[in-house]
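S.K.: Pasting a structure here, questions to come.
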Amino acid sequence: MTDIIDGDAVAQSVREDLSTAIDQLADAGVQPSLATVLMSDDPASETYVSMKQDDCAEVGIEAIDIDIDPGADASELYDTIDDLNGDENVNGILVQMPVPDHVSDREVLRAIDPRKDVDGFHPENVGRLVAGDARYKPCTPHGIQKLVESAGVDTEGKDAVVVGRSDIVGKPMANLLIQKAPGGNATTTVCHSRTQNLAEKTRNADILVAAAGVPEMIDGDMVGEGATVIDVGINRVEADTEKGYELVGDVDYESAKEVAGAITPVPGGVGPMTRAMLLYNTVKAAGLQHDIDVDLP
Ligand code: NAD
């Protein structure tokens, strides 16, 4: 029987387990807070931000919602980030990507105080992750580690294959999988758009993480018997639904499920975990900034 990994349930348990740390902070008079900055009128980005705000409210994190006109000068965004960096009541800062073309996403990520960079994308935090001394693990790969652990899969000594080499998913995922630490110690291959004979590599994986952004590109023939398959993809494809589209992953779920030992669905797999781990990092940030030793799940 294939184990269907329930991301909603694991995310819910992370949120519940965070209450210990949130109570410890409250005992010291601290309420963690996250500022989300949106410089876009893209409906998907607006939805992502409002979901993050709702998540914060649910666990008792203060959510500060800042909207910047997408047509505004980049300096308006930098000034906002400066203010948030200097505001001791703000523990985490998240600038929703993508930013408009006239703003450099790279510069934006560098402008955020690395101690408040709860996405974990600032070069200082990337460096710390690579060095095995992560301050904030990026939310999606961290959530995947928790999902794999929840499925009772030990990564140590296993062959892991990550399809995708983006800065937000593929690279940090591979870095976590090779760390000499729980959830790591895997022999890890990173595949990407120039990889040849992809199926040969994915079939060898004990743990397969698909993060290419290509709808259903990994089918059952590309999955090894009993593998743990983590589908990161969120792709809109045209469909005969009310909205005119449906969301599918990078994995062809039906055929992969026949072969995999465990698999995440889309939706309800990695997505909820990404959101839960943002809360985790925000609570961690509040503890670090107030020098309070909190117990994190
Ligand atoms: P990206 O476009 O930045 O990177 C995609 C990577 O896949 C690239 O490194 C590219 O080399 C590789 N790739 C593309 N086509 C390939 C192919 N045919 N074969 C092998 N490799 C190929 O994307 P991203 O930001 O890493 O996101 C990947 C997917 O995950 C997207 O669908 C995105 O929406 C989704 N995503 C989901 C979550 C979540 O919380 N579930 C979070 C982030 C991203």
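S.K.: Can you tell me which residues in the range 219-250 are in contact with a strand residue (DSSP E or B) (Cβ under 8 Å, 6 or more places away or on another chain), in a loop (DSSP other than H, G, I, E, B) and away from the ligand (no atom under 14 Å from the Cβ)?
M.R.: Scanning the range 219-250 gives Val223, Gly224, Ala227, Ala239, Gly244.
S.K.: Then there is this: Within the range 70-103, restricting attention to residues that are touching a helix residue (DSSP H, G or I) at 6+ places or on another chain (Cβ under 8 Å) and among the acidic types (Asp, Glu), which residue is farthest from Met39 (Cα to Cα)?
M.R.: The residue in question is Glu88.
S.K.: Got a sec? Which of Ala174, Ala160 is touching a residue at least 40 places away in the same chain (Cβ under 8 Å), of a type in the set (Gly, Ala, Ser) and not in a loop (DSSP other than H, G, I, E, B)?
M.R.: Criteria check complete, one pass: Ala160.
S.K.: Only one of these is at pLDDT 95 or above and crowded, with 17+ Cβ neighbours inside 10 Å: Gly213, Gly170. Name it.
M.R.: Going through Gly213, Gly170 in turn, the sole match is Gly170.
S.K.: Let me ask something additional. Within the set of pairs 6+ apart or on separate chains, which have a first residue in the range 140-156 that is aliphatic (A, V, I, L, M), a second that is away from the ligand (no atom under 15 Å from the Cβ), and C-beta atoms under 6 Å apart?
M.R.: From residues that are aliphatic (A, V, I, L, M), the pairs are Ala151/Asp3; Ala151/Ala262; Val153/Thr228.
S.K.: Is it the case that some residue within the range 221-239 is of a type outside the set (Asp, Glu), surrounded by fewer than 19 Cβ atoms within 10 Å (Cβ to Cβ) and touching a residue at least 40 places away in the same chain (Cβ under 8 Å)?
M.R.: So far as the range 221-239 goes, no, none of its residues is of a type outside the set (Asp, Glu), surrounded by fewer than 19 Cβ atoms within 10 Å (Cβ to Cβ) and touching a residue at least 40 places away in the same chain (Cβ under 8 Å).
S.K.: Among the residues of the range 132-143, what is the count of those that are away from the ligand (no atom under 16 Å from the Cβ) and crowded, with 17+ Cβ neighbours inside 10 Å?
M.R.: Residues in the range 132-143 being away from the ligand (no atom under 16 Å from the Cβ) and crowded, with 17+ Cβ neighbours inside 10 Å: 2 in total.
S.K.: With the structure loaded, tell me whether Met277 is crowded, with 17+ Cβ neighbours inside 10 Å, within 11 Å of the ligand (Cβ to nearest atom) and more than 25 Å from Val118 (Cα to Cα) or whether it fails that test.
M.R.: Numbers: crowded, with 17+ Cβ neighbours inside 10 Å: yes; within 11 Å of the ligand (Cβ to nearest atom): yes; more than 25 Å from Val118 (Cα to Cα): no.
No: the conditions fail for Met277.
S.K.: Leu198 - would you say it is of a type in the set (A, V, I, L, M, F, W, C), within 16 Å of the ligand (Cβ to nearest atom) and in contact with a Gly (Cβ under 9 Å, 6 or more places away or on another chain)?
M.R.: no
S.K.: Return yes when Leu129 is touching a strand residue (DSSP E or B) at 6+ places or on another chain (Cβ under 6 Å), assigned to a helix (DSSP H, G or I) and surrounded by 14 or more Cβ atoms within 10 Å (Cβ to Cβ) and no when it is not. Break it down stepwise before answering.
M.R.: Values: touching a strand residue (DSSP E or B) at 6+ places or on another chain (Cβ under 6 Å): no; assigned to a helix (DSSP H, G or I): yes; surrounded by 14 or more Cβ atoms within 10 Å (Cβ to Cβ): yes.
No: the conditions fail for Leu129.
S.K.: Is it the case that some residue within the range 205-218 is away from the ligand (no atom under 14 Å from the Cβ), touching a strand residue (DSSP E or B) at 6+ places or on another chain (Cβ under 9 Å) and farther than 29 Å from Leu94 by Cβ? Spell out how you get there, then give the answer.
M.R.: To start, the set of residues in the range 205-218 that are away from the ligand (no atom under 14 Å from the Cβ) comprises 206-207.
Imposing the further condition that a residue be touching a strand residue (DSSP E or B) at 6+ places or on another chain (Cβ under 9 Å) reduces the set to 206-207.
Next, from what is left, pick out any that are farther than 29 Å from Leu94 by Cβ: 206.
Yes, there is a match, as at least one residue in the range 205-218 is away from the ligand (no atom under 14 Å from the Cβ), touching a strand residue (DSSP E or B) at 6+ places or on another chain (Cβ under 9 Å) and farther than 29 Å from Leu94 by Cβ.
S.K.: If we scan the range 109-123, do we find a residue that is outside the structural domain of Pro43 (by TED's automatic domain parsing) and farther than 20 Å from Arg275 by Cα?
M.R.: Yes; the residues of the range 109-123 include at least one that is outside the structural domain of Pro43 (by TED's automatic domain parsing) and farther than 20 Å from Arg275 by Cα.
S.K.: I would also like to ask the following. Given the options Thr155, Thr187, name the one that is more than 13 Å from the ligand (Cβ to nearest atom) and either buried (at least 22 other Cβ atoms within 10 Å of the Cβ) or outside the structural domain of Lys257 (by TED's automatic domain parsing) (or both). Talk me through it step by step, then tell me what you get.
M.R.: Details: Thr187 fails: either buried (at least 22 other Cβ atoms within 10 Å of the Cβ) or outside the structural domain of Lys257 (by TED's automatic domain parsing) (or both).
Every option except Thr155 fails the conditions.
The values are calculated or read from the model by the stated rules, or taken from the named source; none is laboratory data. Fair warning: this is a prediction, and the values are worked out from it, not measured in the lab. Glycine gets a Cβ as well: all are built from the backbone with ideal geometry, and neighbour counts include every protein chain shown.
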